[in-house]
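The numbers here are math on the coordinates, done by the rules we state, and not lab data. The structure displayed is predicted, hence computed values, not measured ones. Backbone-built Cβ (ideal geometry, glycine too); neighbour counts: all protein chains shown.
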Amino acid sequence: MFSYTGPKGVDVTGMFTNRDVLASSTFGKLDGTQVLVGTPQHLAACVREKGLDMEKVKFLAVDEFDACWAEFPEDMELLLAPQETPRRTILCGATISDEVAAAIHEKRWVEEAGDLRVADACRVPAGTRHRYVIAADEEHKLVAVTRLLRKDLKELGPDSPPARVMVYAQSEETARRASPALRRSLWGEHKMTTLLPEGREPLLALESFRDNRTTLMLATPYHCRGLDLPAVSHVYNLEVPSSAAAYVHQAGRT
């Protein structure tokens, strides 16, 4: 699933599946690896299976740290455990709360802990237009969203940048139910892809969206955390986000 396309001369390995974990622990897949990219649960599994020695890691970066720690606390504790050899650790996130920051300092997960802030606050970009729809039930909600989507796409002029639409469903089940209606709402050159486990391989879905081969990407907020998706023109939420920070994260894609 993982394919590195960056500068040559760097040995990069992906750790995203149980097969990757097996290959690292049984067949020495990580021999010679300079950069290892993976999810917390698979990296931690690799450590437990003796395929990865954290004492040899010199630089550890965790993006969307607050989400990773909330979803995989035991795995993160294992990966961030103190070690004898020096290591530089960076924990990043746009919505790290004061409580999480305090825990980072208390557990001494980073040496000489300090905060690097690129903005005074996490805000939705200026100029973003916010709308909401009140619907009686899920069926009427999907009708309203698909009508709004078609209207927005039709309003784009010939000189407008290509439409790049994100549709968020709070759960995979909601996404599966919404997928047929969203797909039927598109026409002509407008295509849809899904960033869900049961859909196409995630990297292929991302590539098609980034390359403007698909207009709309349906995903859950969890599967999109930490992804770089520039020039998104429209964001639709099928449900109200769980918090103000979550809304900023999702609406900020524009």
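Odds and ends about this structure:
- By the helix-only formula, in which each DSSP H run with n ≥ 4 contributes -39500 (n - 2.57) and the sum is divided by residues, the chain has a 222 nm mean residue ellipticity of -10500 deg cm²/dmol.
- Amide H contacts under 5 Å for MET15, placed H, 5+ residues apart: VAL37, GLY38, THR39
- Pairs spanning more than 18 Å between alpha-carbon atoms, out of LYS151/LYS191; LYS8/LYS58; LYS8/LYS50: LYS8/LYS58; LYS8/LYS50.
- Alpha-carbon Debye profile of the chain, log10 I(q)/I(0) at 0.09, 0.12 Å⁻¹: -0.49, -0.84
- Under 5 Å from the amide H of LEU60 lie the amide H atoms of ARG88, THR89, ILE90, each residue being 5 or more positions distant or on a separate chain, with H modelled from the backbone and absent for Pro and chain starts.
- ³J(HN,Hα), Karplus 6.51/-1.76/1.60, whole Hz, each residue of the stretch 227-238, x for Gly, Pro: 7, 8, 10, x, 6, 6, 8, 9, 10, 10, 10, 6
- Cut-off of 10 Å, at most 16 other beta carbons, DSSP loop: longest stretch of the chain lacking such GluC sites (Glu not before Pro): 113-188
- Sites excluded, chymotrypsin sites (Phe, Trp or Tyr not before Pro) in DSSP loops with at most 12 other C-beta within 10 Å, longest stretch of the chain: 28-131
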